[in-house]
Amino acid sequence: MSSNEFYTLKVNGAEHQVSDAWIGESLLYVLRERLGLPGSKGACEQGECGSCTVYVDGAAVCSCLVMAASAVESEIATVEGLNTDGSLTDVQEAFVTEGAVQCGFCTPGLVMAVHHLLDENDSPSELEVKEALSGNICRCTGYGRIFAAVDKVVAVRKGAHQ
Amino acid sequence: MSVLIPHSILEASEILAQHPAATILNGGTDLMVEVNFNHRRPDSIVLLRNIAELRDWSTDAASGTITIGAGLPYAAIEKGEIARLVPALAQAARTVGSPQIRAAGTMGGNLGTCSPAGDTLPVLSALEAIVHLQSIEGARSVPFADFMVGPKRNSRQPNEVITAVTLPITEQRQGYSKVGVRNAMVISVASACFAIVNDTPRFAMGSVGPTILRAREAEAYLASAASNLNDITEEIAHEFGRIAASESRPIDDHRSTATYRKHAIGVLATRLALKGI
Ligand SMILES: Cc1cc2nc3c(=O)[nH]c(=O)nc-3n(C[C@H](O)[C@H](O)[C@H](O)COP(=O)(O)OP(=O)(O)OC[C@H]3O[C@@H](n4cnc5c(N)ncnc54)[C@H](O)[C@@H]3O)c2cc1C
Ligand code: FES
Ligand code: FES
């Protein structure tokens, strides 16, 4: 049990102190405004767009719907933590080469959702891809390029294993 | 304001006894929307997400039932063994929001909110589920029909935690369907669960009344008109749908009209009677 005006969050493996925060703040807000991690985007703050997707204890969830102060016992992973040396992950690389990024607002959330999908299922069907990404809204691409990027990663990973 | 994080149901009920005004938080997929938009500014929060026993589920062979913890996310209900044992519940769980919502959202939260559009609720109504509650004073089990008492109103006391739900394992056909404007991320404009329990048809309707409604007349009609509940004729299924629609009590709101909802619930009734799963 813990009661908190000051609390600590574990994000991408590192502990971060959060102080003088209103306890009802969302994890999205705390990540962006208090911890200097603006990779997760906020568009709707009601769980509908997926641009704020992070992992909490391994589950891909909307950080706008997580009360930050309730996540003190959890491992949080954000898009910033996917690759810390500045290089791109294979999913990010494929988003670039397949033209899946236009304005880019949806991209961090989609990259998190695609990594999560492919970690659990290395050869998803078209329907499984659509289902897995149904919580991420993109206003620009029409999704075709995003699905192409997923296909590319699947193909490259398969090739790498042969 | 503070966030209290118990690790057992007992600890949670002790906290609620001390802080009767505290707000329970589980997946946050209903509560945080209200907090983000300033519709609610909770005084203190009791987080249930870290209570492992609320995520348990088990079956009881003697009574032929399954008991599912109120804190188990939809993602664990929509597939696997639970989906095999209670397919209608899994179908309902699969229609909730998006993968992100289903990774966080729980049946406890669906029952806590008790919206007439809550997707698991028609299943709990048709299967006549038992809702289990726990407070410092003890445990209490309530039939779903006595739990939901109005739109967004239930008979939970402020100091009670919803701990689990018990459902029969019927091994007979059952199914859940909903109508909305698109496939993903949609709150239903009409929803329904059809189930055969002990060779008797049951039909529960969501989003077409202040609470989940059972179509008793339609159920009785089907029980007497159909000689084989697994092979219902088109004609009987249509009459079943017509009666069910006449028993619905929908309203106009921002999501749909009463007229369309009545039509939709009749179509769902006919289809589910013909197809079941
Ligand atoms: C984008 C989006 C889409 C959605 N789509 C759907 C949908 O398609 N169908 C649908 O039915 N719902 C939908 N919802 C609503 C929500 O996801 C569900 O109602 C979900 O079941 C809530 O569960 P939770 O654990 O997140 O609840 P929380 O938000 O944590 O809690 C909800 C309420 O229940 C109370 N509560 C929670 N757990 C307990 C407990 N164990 N004991 C006592 N009280 C408790 C809380 O105090 C609160 O009042 C959607 C929500 C969002 C944001
Ligand atoms: S900002 Fe969280 S889902 Fe849109
Ligand atoms: S690239 Fe603009 S929203 Fe997706």
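For the stretch A:73-85, indicate whether the set of residues that are surrounded by fewer than 17 Cβ atoms within 10 Å (Cβ to Cβ) and within 14 Å of another protein chain (Cβ to nearest Cβ) is non-empty.
Scanning the stretch A:73-85, I find at least one residue that is surrounded by fewer than 17 Cβ atoms within 10 Å (Cβ to Cβ) and within 14 Å of another protein chain (Cβ to nearest Cβ), so the answer is yes.
Please work out if B:Glu235 is assigned to a loop (DSSP other than H, G, I, E, B) and either away from every other protein chain (no Cβ under 14 Å) or within 16 Å of ligand 1 (Cβ to nearest atom) (or both).
On the way: assigned to a loop (DSSP other than H, G, I, E, B): no; either away from every other protein chain (no Cβ under 14 Å) or within 16 Å of ligand 1 (Cβ to nearest atom) (or both): yes.
Here the answer is no, as B:Glu235 does not meet what is asked.
Quick one: would you say A:Val96 is free of Cβ contacts under 8 Å to residues at least 40 places away in the same chain, within 14 Å of chain B (Cβ to nearest Cβ) and part of a helix (DSSP H, G or I)?
Working: free of Cβ contacts under 8 Å to residues at least 40 places away in the same chain: yes; within 14 Å of chain B (Cβ to nearest Cβ): no; part of a helix (DSSP H, G or I): yes.
Here the answer is no, as A:Val96 does not meet what is asked.
Of a type in the set (A, V, I, L, M), within 16 Å of ligand 1 (Cβ to nearest atom) and within 11 Å of another protein chain (Cβ to nearest Cβ) - does that describe any residue in the stretch A:35-56?
Yes, because at least one residue in the stretch A:35-56 is of a type in the set (A, V, I, L, M), within 16 Å of ligand 1 (Cβ to nearest atom) and within 11 Å of another protein chain (Cβ to nearest Cβ).
Pairs please, first residue from the stretch B:72-95 and surrounded by fewer than 19 Cβ atoms within 10 Å (Cβ to Cβ), second anywhere and assigned to a helix (DSSP H, G or I), Cβ atoms under 6 Å, 6+ apart in sequence or on different chains.
Going by the 6 Å Cβ cut-off, the qualifying pairs are B:Ala83/B:Ala90.
Looking at B:Leu48, B:Leu16 in this structure, which one is farther than 27 Å from B:Gly97 by Cβ, under 26 Å from the mean Cα position of the chain (by Cα), surrounded by 15 or more Cβ atoms within 10 Å (Cβ to Cβ) and in the same structural domain as B:Gln134 (by TED's automatic domain parsing)?
From the options B:Leu48, B:Leu16, the qualifying one is B:Leu16.
Wholly within the stretch B:109-191, which strands (runs of 3 or more DSSP E) include no fewer than the required count, namely at least 2 residues that are farther than 27 Å from B:Ala12 by Cβ?
Per the criteria, B:174-179.
Name, by its number, the condition in (1) within 12 Å of another protein chain (Cβ to nearest Cβ); (2) within 10 Å of the chain's Cα centre (by Cα); (3) part of a helix (DSSP H, G or I) that does not hold for A:His115.
All conditions are met except number (1).
So, in the stretch B:190-245, exactly how many residues are charged (D, E, K, R), under 15 Å from B:Ile265 (Cβ atoms) and without any contact (Cβ under 8 Å) to a residue 40 or more places away in the chain?
Within the stretch B:190-245, residues that are charged (D, E, K, R), under 15 Å from B:Ile265 (Cβ atoms) and without any contact (Cβ under 8 Å) to a residue 40 or more places away in the chain number 5.
The values are calculated or read from the model by the stated rules, or taken from the named source; none is laboratory data. Model, not experiment: these values are computed from the prediction. Methodologically, a virtual Cβ is constructed for each residue, glycine included, from the backbone with ideal geometry; neighbour enumeration extends over all protein chains shown.
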